[in-house]
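Reviewing the structure listed below.
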Ligand SMILES: [Zn+2]
């Protein structure tokens, strides 16, 4: 390997590590949103404390992921166990951000990366809240739409104005959301309004081909999920399964890996 290539690789690993740390910090904030949005609480107010001993937590107890690892998942003051769900959520956000950098923008630090981060963050919150509470907050699909607009503006800066690009995104916004709207019209219980709005926003971010791909992935993930939960036959099996978490996984897959997977798939026939 040439010296220059080695330097470039070292730089990219260093930037990835920085993005991971940034991601787990954002993830820590997203954990707060997941907890507070369904309760209608203000996410800015109140200091954090241990739910068991009520001891107020200092900044060094609250550093994402690392505090939990350092304290081995226990409260510093009363040694009560702290759920690993928080560091897991933080790590997932960190990994999503790094994947956005490596595969989303091809290791380029450009404006589009901000759009990717916004969409990933909103998908994480959508996944958690819809899974637990069966609704998608408006603030989340709006964040996905804003992220899509940021990615679009970046393409305007890089490639200049192209009527096809905008048409593709508008068709993308409508193709799945209109389909969902019709399904909801025919069978009102089948589809939530949140799913329709989420796919409208994601469609603009993804464009017409990748949004259809995201729906295929969501269907696949949903099928696997139902097969697993049905085979476990838990008594407390929920009657209605929210579609949002599966859509979030599909949108994320299409956003980060969509171009590569579609290219690879078409390559088999050409
Ligand atoms: Zn405690």
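Taking all Cα-Cα distances within the range 8-140, those exceeding 27 Å account for 26%. Its alpha carbons considered, the range 129-270 gives a radius of gyration followed by a Dmax of 16.4, 56 Å. For the range 20-96, the convex hull spanned by the alpha carbon atoms encloses 93 Å³ per residue.
Spacing of the modelled spin labels on residue 184 and residue 47, each 7 Å from Cα toward Cβ, amounts to 4.3 nm. Relative contact order of the chain: 17 percent, from C-alpha pairs under 8 Å at least 6 residues apart in sequence. With Cα atoms defining each centre, the range 86-159 and the range 1-40 are spaced 12 Å apart in the structure.
The protection proxy used here, the mean number of other Cβ atoms lying within 10 Å of each residue, ranks peptides 57-67, 83-93 as follows, highest first: 83-93, 57-67. In units of 2.2 N^0.38 Å, what is the alpha-carbon radius of gyration of the chain? Working it through for the chain, the quotient is 1.10.
By the helix-only formula, in which each DSSP H run with n ≥ 4 contributes -39500 (n - 2.57) and the sum is divided by residues, the chain has a 222 nm mean residue ellipticity of -24000 deg cm²/dmol.
Between the beta carbons of residue 225 and residue 4, assuming R0 = 51 Å, the FRET efficiency works out to 0.65 to the nearest 0.05. Once the Cα-Cα distance is subtracted from the 0.36 nm per residue extended length, the residue 39 to residue 107 segment shows a gain of 20.7 nm. Taking 7 Å steps out from each Cα toward its Cβ at residue 270 and residue 138 produces label points 4.3 nm apart.
Only alpha carbons enter this Debye calculation for the range 141-189, each as an equal point scatterer, and the log10 of I(q)/I(0) it gives at q = 0.20 Å⁻¹ is -0.76.
Every number here is computed from the coordinates shown, using simple stated rules; none is lab data. Owing to the predicted nature of the structure, the values given are computational and were not obtained by experimental measurement. Positions of Cβ are generated from backbone atoms using ideal geometry, with glycine treated the same way; all protein chains shown enter the neighbour counts.
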